1. With springs only between Cα atoms under 10 Å apart, run a GNM on the chain and tell me which of Asn304, Asn86, Asn12 wobbles the most.
2. How big is Rg to Rh over region 323-391, alpha-carbon atoms, Rh as the Kirkwood inverse-mean-distance radius?
3. Can you give me the convex hull volume of the Cα atoms of region 45-283, divided per residue and expressed in Å³?
4. At 25 °C and 0.890 mPa s, what whole-number value in µm²/s does Stokes-Einstein give for the translational diffusion of region 293-363, with Rh from the Kirkwood sum over Cα pairs?
5. What are the ³J(HN,Hα) couplings of region 117-134, residue after residue, when phi is run through the Karplus curve with 6.51, -1.76, 1.60 and θ = phi - 60°? Round to Hz, x for glycine and proline.
6. What are the residues whose amide H is under 5 Å from the amide H of Leu168, where those residues sit 5 or more places off or on another chain and H is modelled from the backbone?
7. Taking the chain as a Gaussian network, where each spring joins two C-alpha atoms under 10 Å apart, which residue of Asp369, Asp210, Asp300 fluctuates the most?
8. Just to confirm the filter: which GluC sites (Glu not before Pro) across region 36-91 are DSSP coil and have at most 12 other Cβ within 10 angstrom of their Cβ?
Amino acid sequence: MVKPLNQNVVTNLQRTGIRRFNELVAKVPGAIKLTVGEIDLPTPPNTKLRGINAITENVTKYTPNAGDLELRSAISEYLEQHYQLNYSAKNEIIVTVGGSEAIDTIFRTLLEPNDEIIIPAPCFPGYLGSGILTQSNIVLVDTCSSEFKLTPQQLEDAITPSTKLVVLNYPNNPTGSILTVSELEKLAEIIIKHDLYVLTDEMYATLVYDDIGIAPSIASIQGMKERTIIVNGVSKSSSMTGWRVGYIATSEKIVEQALKVHQYAVASPASMAQKAAITALTTDFPETQKMALLFERRRDILVNSLNEIGLKFNRPVGAFYCFLDISEFGMDSWSFAEKMLYDYKLAVVPGSSFSKYGDNFVRLSFAVDEQIIVEAMKRLSAGVASLRKKK
Ligand SMILES: Cc1ncc(COP(=O)(O)O)c(C=O)c1O
């Protein structure tokens, strides 16, 4: 008999609902996919060229564990320019293998079994997986009735003596919500009072609409920088999901410890991808801003159609997702998504993929061409009309 694998933690871990649902979608020819979690445009040309040149110039070896210093300097300047935040390139930044590794590294650096992490939900499933792997206690806070924003009262109610970390993800996946500076200030007050850490996942910070420019960061609020861990990267902002470059920016005290976790797991991200990320954050930054404008137009087309169909949803002001309320149909999110997929060839992500609090919703991505959104809305409209007729 071969010995069992890690049953306690790993074999019990579920694959994400997004992946499982995508396997069904792949078997339906002609399905329109509003399931995508990445930008449909190519990586900007100068960014690509920088990566290609790096290979040609033999930048093909290990970089320092914390990442290429030129990239860390670019990240430091970026944070200074957009948030007036000062992070030392040498001691306060780690370049990671995407935002995913950044989250996992921080969880493993901070959390011990039975520590509590507060996660507003519905949420990005990565927090749940990494949280379970640390054997900490995940405390989900249901934000469905507060426009998917964590409120000060909800936060205060969720805190116990075991709470160590609060995860904030605004602009939010899967709901497109963001928090204003004054909303962040109120949360910060509570976080400081209870002496907690915050991981702020700002992967979508540049994809914001309605003239917001860039989403505010809780790290900018007085007294928060030393207890905040910024997680960000170029995956979403520069259409670079495959390059695998993210980063952590936080205090030297946390970086010193996190660097060990990161070093043993990955050593460093790919050297040529790090060079490309420098261009993405500097000379190609206008491309990021262009993408935001394009996505705003797509958001508007989607939102107008959903209004015409008479559906309930939270109008997204960031990221590229709309969380559609399906409670009127009396179906769970998986059944609704299967119905749309098999009967109308429209793929949307069941909200249950984003924790149990997402089950009255499905996630629609607008990271697709306008024409595709228009066709998708025709299919959704037909599906909704037939479900309404049956009632
Ligand atoms: C909120 C959020 N954080 C982190 C990630 C992971 O980003 P990356 O692809 O850089 O690992 C994603 C990807 O979908 C995300 O939506």
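The values are calculated or read from the model by the stated rules, or taken from the named source; none is laboratory data. Computed from a predicted structure; not experimentally measured. Cβ atoms come from the backbone with ideal geometry, glycine included; neighbour counts cover every protein chain shown. Calculation scope for accessible area: heavy atoms of the full protein, side chains included, ligands and nucleic acids excluded. Shrake-Rupley method; radii C 1.70, N 1.55, O 1.52, S 1.80 Å.
1. Of Asn304, Asn86, Asn12, the most mobile in the Gaussian network model is Asn12.
2. 0.96
3. 113 Å³
4. 195 µm²/s
5. 10, 9, 10, x, 9, x, 9, 4, x, x, 5, 6, x, 5, x, 4, 5, 8
6. Amide H to amide H, under 5 Å and 5 or more residues apart or across chains, Leu168 pairs with Leu199, Thr200, Asp201.
7. Looking only at Asp369, Asp210, Asp300, the biggest GNM fluctuation is shown by Asp210.
8. Answer by residue number: Glu57.
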